[in-house]
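Notes follow the structure.
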Amino acid sequence: MEVPKDQIATLLEHGLYNSAQMLGCFLVSSPAAIAESVPHLKTESLVLLGDCFFREREYRRAIHTYKQALQYYKMIPKQNTTSRGSLTSNRSSSPNSCNGSVINENEVKFKIASSHCFLNENKAALVEMEGIPNKARNLAMNLLLGKLYRVSRHSRAAVAIYKECIRHCPYILEAITALAELGSTAKDIISLFPQTPNRSGRAPFDHTDSSRWLQRYVEAQCCMASNDYKGGLELFADLLQRFPNNTHLLLEMAKVEAIIGKNDEAIMNFEKARSIDPYIITYMDEYAMLLKLKSDYPKLNKLVHDLLNIDPARPEVFVALSVLWERKDEKKSLQYAEQSIRIDERHIPGYIMKGNLLLTMKRAEAAVSAFRAAQELRPDIRSYQGLVHTYLALSKIKEALYASREAMKAMPQSAKALKLVGDVHASNSGGREKAKKFYESALRLEPGYLGAALALAELHVIEGRNGDAVSLLERYLKDWADDSLHVKLAQVFAATNMLQEALSHYQAALRLNTQNEAAKRGLERLEKQMKGVDPDAPEEDEDNDVEDADGDQDETELL
């Protein structure tokens, strides 16, 4: 043959994909490959060219070329091929030989499916994968099929496939996580671990202490899936003691801490993971959200810059960009959030970010859809919070109450879920007594939950019990260096005409967070009060309308 196939294979092995692709064009157009009498040569040549396109991430060209190869494969006489169910590609010893397997049809279908996945064409990928017989699928094929069934919401089929993966190899951690999120118990998953020697003669799975860590990992993921965040964190912390500086465990812990509001701990673990591996992208959008909450814009800017230099095509990078642009340009921020979802339609932080932006932009109906999408993928407290606050913005009290109770049912040990129910009751004057009980229950469950304390203090203020509000909030000053706590105390003191105390707390809030808009506005009002000027009187300058509009926007952001 004029163009040796083995040279293309050599180029591919050495990562010289562009050269392999150019040589492949010569291969498929050579007289020997074009001749209809030898379709097996054309088939092999096209598969090699398809591999070049696949490695170069030219997935459309790869799909087209692989499918051409399969068409020629069908033209090869049956007697010239071995069993199509073979899992290894046995190339013939001679390029012109018609004996032996030309290609592995199932591997080619797997590559077509993988290409469709990279293009977010999951239905087309599933069609290809279902064309591979059960007995012919290897672990990689089963794992992809499980993902596709899950994306297509064929949960029972996904569970069956993931279980098959675990039976063959208990160390496929993404299959463990998927089974936990699909409702399998830790006992069910651990029971799948191989008990007897497999065909390769390897020893059975060791259930002694040496493998105890894997069982603990299963238990941790099942805790996370059932919203038992406290139990999950304890298990992850236990594993971290055995595997110190494990970036995967640090990221898992940080993500959960971010969800439940342990922001300082989450930031610490995210930063520790980044100090070990500065090129991490996983969960960095969650880290970006925390930096914005802390108004740490220098760190946020640097994080986004770093992520763009590592891999600008990842969904986490677009969510981080969305976070960065939120206060500058909400429309652009929304575009970035939507781009993250286009890249990965299962990327939950993208939906959370999109929902929060739409709520801020007073597009509440669209926000409901975003939060619902996040909830369908994996319900956590943030999607419930988004739904409740959005329904309240729409004055849909019944829907808000239903969503908050749904959260409480899903997370019976969550103080945040209890507070959500309280928030709904607090939205109307007739429900304040019920709201108070839910806030107090949340504080009994989690005494250090500042969010519930601030909400309860607000109820005290509304009902004229300013002294009770101050007493409650001052109990948290010893343990919480939090700007929102100082703002709330300043507001209460200002309302009771204790202006010097209010000034002190506004200043403390701004020392903790120089970007706190509520503290800035409160301080401006307080200065007017101290000068004897009505703080609600409009300013006589041409920028007044703009300032009012900005004020309204900031109030929405605080909501």
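The values are calculated or read from the model by the stated rules, or taken from the named source; none is laboratory data. Note that the coordinates shown come from a computational prediction; the quantities given were computed from them, not determined experimentally. Quick reminder, even Gly has a Cβ in these numbers, built from the backbone with ideal geometry, and neighbours come from all protein chains shown. Quick note on the areas: whole protein, heavy atoms, side chains included, nothing else; ligands and nucleic acids left out. Shrake-Rupley method; radii C 1.70, N 1.55, O 1.52, S 1.80 Å.
Remark: pairs (first residue in region 261-272, in a loop (DSSP other than H, G, I, E, B); second residue open to solvent by less than 60 Å² (accessible area, probe 1.4 Å); Cβ separation under 8 Å; 6+ apart in sequence or on different chains) = G261/K416; G261/Y449; G261/G451. When the criteria are applied in full, L358 fails the requirement of being over 30 Å from C117 (Cβ atoms) and outside the structural domain of N120 (by the TED database). In the set (1) within 21 Å of I259 (Cα to Cα); (2) surrounded by 15 or more Cβ atoms within 10 Å (Cβ to Cβ); (3) not hydrophobic (A, V, I, L, M, F, W, C), the condition left unmet by E376 is number (2). Picking from residues in region 188-213 that are more than 14 Å from R167 (Cα to Cα) and in a helix (DSSP H, G or I), the one that is modelled with the lowest pLDDT is D209. Scanning region 275-302 for residues that are farther than 22 Å from E326 by Cβ, in a helix (DSSP H, G or I) and not hydroxyl-bearing (S, T, Y) returns a single hit, I276. Where helices (runs of 4 or more DSSP H) sit wholly within region 133-184, those with at least 3 residues that are within 18 Å of H116 (Cα to Cα) occupy 139-151. From the list Y476, Y439, Y449, Y506, the lone residue that is in contact (Cβ under 8 Å) with a residue 40 or more places away in the chain and either under 28 Å from D264 (Cα atoms) or open to solvent by 70 Å² or more (accessible area, probe 1.4 Å) (or both) is Y449. R342 meets each of the listed conditions (1) under 27 Å from A519 (Cα atoms); (2) among the basic types (K, R); (3) in a helix (DSSP H, G or I) apart from (1). In the set (1) open to solvent by 40 Å² or more (accessible area, probe 1.4 Å); (2) more than 17 Å from S333 (Cβ to Cβ); (3) at pLDDT below 95; (4) part of a helix (DSSP H, G or I), G231 fails one condition alone, (1). Within the set A442, A403, A417, the sole residue that is among the small types (G, A, S), assigned to a helix (DSSP H, G or I) and in contact with a Lys or Arg (Cβ under 8 Å, 6 or more places away or on another chain) turns out to be A442.
Does region 308-334 hold any residues that are surrounded by 21 or more Cβ atoms within 10 Å (Cβ to Cβ) and either out of contact with any Asp or Glu (no Cβ under 9 Å at 6 or more places or on another chain) or not polar (S, T, N, Q) (or both), and which are they? Correct list: P315, E316, V317, F318, V319, A320, L321, V323, L324, E326, L334. Taken over region 148-172, the residue count meeting the criterion of being without any contact (Cβ under 8 Å) to a residue 12 or more places away in the chain and open to solvent by 60 Å² or more (accessible area, probe 1.4 Å) is 3. Listed by first and then second residue, the pairs linking a residue in region 9-26 that is touching a residue at least 12 places away in the same chain (Cβ under 8 Å) and open to solvent by less than 70 Å² (accessible area, probe 1.4 Å) to a residue that is basic (K, R) and part of a helix (DSSP H, G or I), with Cβ atoms under 6 Å apart and 6 or more places separating them unless they lie on different chains, are Y17/R55.
Total residues in region 275-307 satisfying the condition of being in contact with a Pro (Cβ under 8 Å, 6 or more places away or on another chain) and open to solvent by 20 Å² or more (accessible area, probe 1.4 Å): the figure is 2. S471 falls short on exactly one of the conditions (1) in a helix (DSSP H, G or I); (2) more than 19 Å from G448 (Cβ to Cβ), and that condition is (2). Tallying residues that are of a type in the set (D, E) and over 27 Å from A426 (Cβ atoms) within region 338-396 yields 4.
If I ask for residues that are of a type in the set (A, V, I, L, M, F, W, C), part of a helix (DSSP H, G or I) and surrounded by fewer than 20 Cβ atoms within 10 Å (Cβ to Cβ), which ones from region 240-260 would you list? Walk me through it before giving the result.
Pass one, region 240-260, residues of a type in the set (A, V, I, L, M, F, W, C): 240, 243, 249-251, 253-254, 256, 258-260.
Pick out the ones that are also part of a helix (DSSP H, G or I) and you get 240, 249-251, 253-254, 256, 258-260.
L240, I259, listed by residue number.
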